[in-house]
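Structure first, commentary second.
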Amino acid sequence: MALLSHPVVARVPATSANLGPGFDALGLALTLYDDVEARVTAGGVTVEVRGEGAGDLPGDERHLVVRAMRQAFDVLGEQPAGLALRCRNRIPQARGLGSSSAAIVAGIVLARGLVEGGAERLDDTAALVLANDIEGHPDNVAPCLLGGFTIAWTDDSGAAAVRREPAPGIRPILFVPEERGLTEVARAALPPAVPHADAAFNAGRAALLVHALSGDPGRLFAATEDRLHQRYRAEGMRGTADLVSALRGQGVAAVVSGAGPSVLALAVAHWTPSPLPGWRVLPLDVDMAGARLGAELGWGTLEHAERDDPVAAG
């Protein structure tokens with residue numbers, strides 16, 4: 001195999017996981033993107049970040065995109081001496097919108113794009129396994145890689161997922177707060193065991209959610225009820241919990257996005273939320289394509305991606 005000399009650009013979507021009852025299993029890709037350009041160099045690593053995370057994220061080998069690229073290159077049997085990356089980030093960091101998963105998936109897609117025949121050697125099935133090995137949970141990496149609505153699980157072979165197309169008319173609306181959250185803190189709030197009745201409740205609601213998202217949106221409100229994780233995390237994200245409660249009080253299918261603190265509302269009508277102090281409100285669509293290279297979108301450099309500048313298609 002050979003490393004390509006020209007740069008490649010990957011576009012990766014934000015994601016919302018759990019979706020209420022689908023803890024660590026269900027996820028949705030959203031039309032909010034990070035674009036990352038990478039090229040092989042003679043030595044050293046440089047990372048330029050614009051947008052979300054600028055000034056905070058590392059500019060060297062520690063950057064998560066670079067770390068994912070290195071692991072993907074190991075699988076591909078090629079390891080370049082150096083890399084130069086440019087990132088245009090639109091996915092808010094540490095808000096429960098899959099920014100880490102997007103970085104991991106971007107790194108894998110870029111690495112296989114820089115290796116001749118890389119897409120055949122590291123296909124989506126293998127890429128999902130690798131992404132989950134790095135991330136630790138498949139519910140965000142699966143929709144980021146595959147697009148649409150995904151059901152993910154793990155077994156002795158690693159991570160696997162199936163992709164479904166949501167029913168027409170479902171409008172994801174994000175509420176993104178100014179404060180950040182940490183997944184490890186949110187997980188620490190979960191009890192080591194839950195009542196059998198709550199587990200049974202969530203199993204039924206998760207099954208109903210697959211049905212509702214796939215073809216019966218009128219059942220989304222009931223299908224997004226949860227007893228496994230959101231109430232345990234409420235004390236540490238009081239503003240998030242209050243907003244979910246307020247939206248559900250209006251009959252809106254609202255959930256904590258991932259580990260929070262963002263909130264996802266799955267609207268099925270022309271509902272327009274009111275402005276909320278301290279929250280960004282982003283009407284989006286479901287991203288149906290997942291991660292892809294710039295060549296698949298008709299452009300080959302980050303400048304083309306920035307002119308396209310998709311932030312919200314809703």
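The values are calculated or read from the model by the stated rules, or taken from the named source; none is laboratory data. All figures in this text were calculated on a predicted structure; none of them were measured in a lab. Backbone-built Cβ (ideal geometry, glycine too); neighbour counts: all protein chains shown. SASA here: full protein model, heavy atoms, side chains in, ligands and nucleic acids out. Shrake-Rupley method; radii C 1.70, N 1.55, O 1.52, S 1.80 Å.
Here the condition is being more than 12 Å from the chain's Cα centre (by Cα), open to solvent by less than 10 Å² (accessible area, probe 1.4 Å) and among the hydrophobic types (A, V, I, L, M, F, W, C); of ALA2, ALA10, ALA17, it holds for ALA10 alone. Pick from the stretch 223-242 the residues that are touching a helix residue (DSSP H, G or I) at 6+ places or on another chain (Cβ under 7 Å) and open to solvent by 40 Å² or more (accessible area, probe 1.4 Å): which of them is nearest to ARG180 (Cα to Cα)? Among them, the one singled out is GLY236. Answer with yes or no whether GLY77 is under 12 Å from the mean Cα position of the chain (by Cα) and at positive phi. For GLY77, the condition - under 12 Å from the mean Cα position of the chain (by Cα) and at positive phi - is not met. If we scan the stretch 130-143, do we find a residue that is over 29 Å from ASP285 (Cβ atoms), more than 20 Å from the chain's Cα centre (by Cα) and surrounded by fewer than 21 Cβ atoms within 10 Å (Cβ to Cβ)? No; the residues of the stretch 130-143 include none that is over 29 Å from ASP285 (Cβ atoms), more than 20 Å from the chain's Cα centre (by Cα) and surrounded by fewer than 21 Cβ atoms within 10 Å (Cβ to Cβ).
Of the residues making up the stretch 184-214, those that are open to solvent by 60 Å² or more (accessible area, probe 1.4 Å), among the small types (Gly, Ala, Ser) and over 26 Å from the mean Cα position of the chain (by Cα) number 2. A single entry from ALA68, ALA81, ALA38, ALA42 fulfils the requirement of being small (Gly, Ala, Ser), buried (at least 19 other Cβ atoms within 10 Å of the Cβ) and either within 30 Å of MET237 (Cα to Cα) or touching a Gly at 6+ places or on another chain (Cβ under 7 Å) (or both): ALA68. Evaluating ALA188 against the criteria (1) at pLDDT below 90; (2) within 16 Å of GLY20 (Cβ to Cβ) leaves one unmet condition, (2).
Within the stretch 157-180, if we keep just the residues that are aliphatic (A, V, I, L, M) and not in a strand (DSSP E or B), the residue that is nearest to the chain's Cα centre (by Cα) turns out to be ILE170.
The one condition from (1) more than 24 Å from TYR33 (Cβ to Cβ); (2) touching a strand residue (DSSP E or B) at 6+ places or on another chain (Cβ under 6 Å); (3) among the hydroxyl-bearing types (Ser, Thr, Tyr) that SER274 does not meet is (2). Taking first residues from the stretch 209-221 that are under 23 Å from GLY249 (Cα atoms) and partners that are surrounded by 13 or more Cβ atoms within 10 Å (Cβ to Cβ) and polar (S, T, N, Q), the Cβ contacts under 8 Å between residues at least 6 apart in sequence or on separate chains come to LEU209/THR224. Confirm whether ALA253 is among the hydrophobic types (A, V, I, L, M, F, W, C) and either closer than 30 Å to ALA10 by Cβ or open to solvent by less than 30 Å² (accessible area, probe 1.4 Å) (or both). Considered against the rule, which asks whether it is among the hydrophobic types (A, V, I, L, M, F, W, C) and either closer than 30 Å to ALA10 by Cβ or open to solvent by less than 30 Å² (accessible area, probe 1.4 Å) (or both), ALA253 comes out as yes. A single member of PHE73, PHE149 is closer than 23 Å to LEU32 by Cβ and open to solvent by less than 50 Å² (accessible area, probe 1.4 Å), and it is PHE149. Here is the figure for the stretch 94-126: residues that are under 18 Å from TRP153 (Cβ atoms), touching a residue at least 24 places away in the same chain (Cβ under 8 Å) and surrounded by fewer than 24 Cβ atoms within 10 Å (Cβ to Cβ) total 2. Within the stretch 35-55, one or more residues are without any contact (Cβ under 8 Å) to a residue 12 or more places away in the chain and either more than 30 Å from ALA203 (Cβ to Cβ) or of a type in the set (Gly, Ala, Ser) (or both). In the stretch 105-156, which residue that is of a type in the set (S, T, N, Q) and part of a helix (DSSP H, G or I) is farthest from ASP24 (Cα to Cα)? Ranking the candidates gives THR125 first.
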